[in-house]
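For reference, the structure is listed below as structure tokens.
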Amino acid sequence: MTGLPVAERTSRRRLSVDERRAELLRIGMRLFSTRAYEEIWVEEIAELAGISRGELTAPDASLPPAERLHAGIDAFVRYAEEHSQGFLTAYRGSLAGDPEVRAIVDEGRQRQASRILETVAGDAEPPALMRLAVHGWISLAQNIIALWLQEQDATREAVCELLSGALSGVIAAAMEADTPTRSLAGK
């Protein structure tokens, strides 16, 4: 992992949302001021904060599914905006065919798809059309975000609303087109 000295690691402790946010900002500022973006891993930030990777990246599980999805989209777009050079470099690298970059981007896409599908389908196995719809939406979202980062012709909030609406649309279309998927919605 990181090989951090014990003195630099934070032990696990309960913090308020504001305290945790402030701690994460301090950690991020320290890391990003001394090292290149591509040298820093989410797991390292989580370890320094004394939390799991999932605690760092997952939306609040107490929110209703639609709000969790929107919160996840907002977090992803915000992250891409705050790390635009890294996002665009990874996005372009995956398109250019760099196998190492493509593998990292594909792993991220798979993780995103799994989170979305778990939020939508719960414990049920999501049908094929639902999986296709979510994976297609992820590609669409990354393309929209890359274009937005380059052109900056809309607000982040508007981009989040566009992506939330598009995700709702592909999920609804998959549920409507696939009879087994309808059972997930109680139809």
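General observations
- Whichever residue in the stretch 7-29 is among the small types (Gly, Ala, Ser) and part of a loop (DSSP other than H, G, I, E, B) and, among such residues, is modelled with the highest pLDDT: SER16
- Remark: pairs (first residue in the stretch 86-107, not basic (Lys, Arg); second residue not in a helix (DSSP H, G or I); Cβ separation under 8 Å; 6+ apart in sequence or on different chains) are absent.
- If you go through the stretch 59-71 and keep only what is of a type in the set (Gly, Ala, Ser) and at pLDDT 80 or above, you end up with ALA66, ALA71.
- Residue within the stretch 105-122 that is closer than 18 Å to VAL42 by Cβ and more than 18 Å from the chain's Cα centre (by Cα) present: no
- Every residue from the stretch 123-142 that is of a type outside the set (Val, Ile, Thr) and without any contact (Cβ under 8 Å) to a residue 40 or more places away in the chain: ASP123, GLU125, ARG131, HIS135, GLY136, TRP137, SER139, LEU140
- Which listed residue is buried (at least 18 other Cβ atoms within 10 Å of the Cβ) and either under 19 Å from PRO64 (Cβ atoms) or in contact with an Asp or Glu (Cβ under 6 Å, 6 or more places away or on another chain) (or both), from VAL134, VAL101, VAL159: VAL134
- Sole residue being outside the structural domain of GLU39 (by TED's automatic domain parsing) and at pLDDT 95 or above, chosen from VAL159, VAL101: VAL159
- Odd one out for GLN85, checked against (1) under 14 Å from the mean Cα position of the chain (by Cα); (2) within 20 Å of LEU31 (Cα to Cα); (3) at pLDDT 85 or above: (1)
- Put simply, of ARG115, ARG109 the only residue that is under 24 Å from GLU151 (Cβ atoms), assigned to a helix (DSSP H, G or I) and modelled with pLDDT of 85 or more is ARG109.
- Neighbours by Cβ (under 6 Å, 6+ apart or cross-chain): first from the stretch 155-170, free of Cβ contacts under 8 Å to residues at least 60 places away in the same chain; second surrounded by 14 or more Cβ atoms within 10 Å (Cβ to Cβ) and part of a helix (DSSP H, G or I): VAL170/ALA133; VAL170/TRP137
Conditions (1) of a type in the set (D, E, K, R); (2) at pLDDT below 80; (3) closer than 19 Å to TRP137 by Cβ, marked per residue:
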{"residue": "THR34", "(1), (2), (3)": "no, yes, no"}
{"residue": "ILE45", "(1), (2), (3)": "no, no, no"}
{"residue": "SER52", "(1), (2), (3)": "no, yes, no"}
{"residue": "THR57", "(1), (2), (3)": "no, yes, yes"}
{"residue": "ILE73", "(1), (2), (3)": "no, no, yes"}
{"residue": "TYR79", "(1), (2), (3)": "no, no, yes"}
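The values are calculated or read from the model by the stated rules, or taken from the named source; none is laboratory data. A quick note: this is a predicted structure, and the numbers were derived from the prediction, not measured. Using ideal geometry, Cβ is built from the backbone for each residue, glycine included, and neighbour counts are taken over all protein chains shown.
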